[in-house]
Amino acid sequence: MAKVFGENTGKGFIKEESNEIFAKAMESAIFKAPVRNKDKIYISDLWFITSLPKDLICEIVKEFGENLTIPEDINFIYDDKNRETLWERKEKNSEKEINDDFKNSDEDEIEE
């Protein structure tokens, strides 16, 4: 559903933009943002890069966080003002399975 941004211009219409446009801008900003504490990006940095309102940035990260392309070294997007984590990378099941398989293979003995 499109959110309304802007004002009624008196011409009988209000410009509507979908959040998907802002999600693409957020994805671009994430790649440009500095990485802090080895694996975090702060909302204040995204705000500085995009000039979008902080509440809109938070909404986009919460709504589209799982669909955004985020670099592998980023594990958290953090709201530094409210001190809360808005997005956290979920550990992939395939990585867990690979690690479990690797542990099991260490227990196997190699016969010569």
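The values are calculated or read from the model by the stated rules, or taken from the named source; none is laboratory data. All of these numbers come straight from a predicted model, not from anything done at the bench. Because the Cβ atoms are built from the backbone with ideal geometry, glycine has one as well, and the counts that use them run over all protein chains shown.
Having 3 or more residues that are in contact with a strand residue (DSSP E or B) (Cβ under 9 Å, 6 or more places away or on another chain) and at pLDDT below 95 is the bar; report the helices (runs of 4 or more DSSP H) wholly within segment 16-82 that clear it.
54-64
Filter segment 83-97 down to residues that are within 26 Å of Pro53 (Cα to Cα) and either of a type in the set (Ser, Thr, Tyr) or at pLDDT below 90 (or both), then give me how many there are.
Summing the residues that are within 26 Å of Pro53 (Cα to Cα) and either of a type in the set (Ser, Thr, Tyr) or at pLDDT below 90 (or both) in segment 83-97 gives 1.
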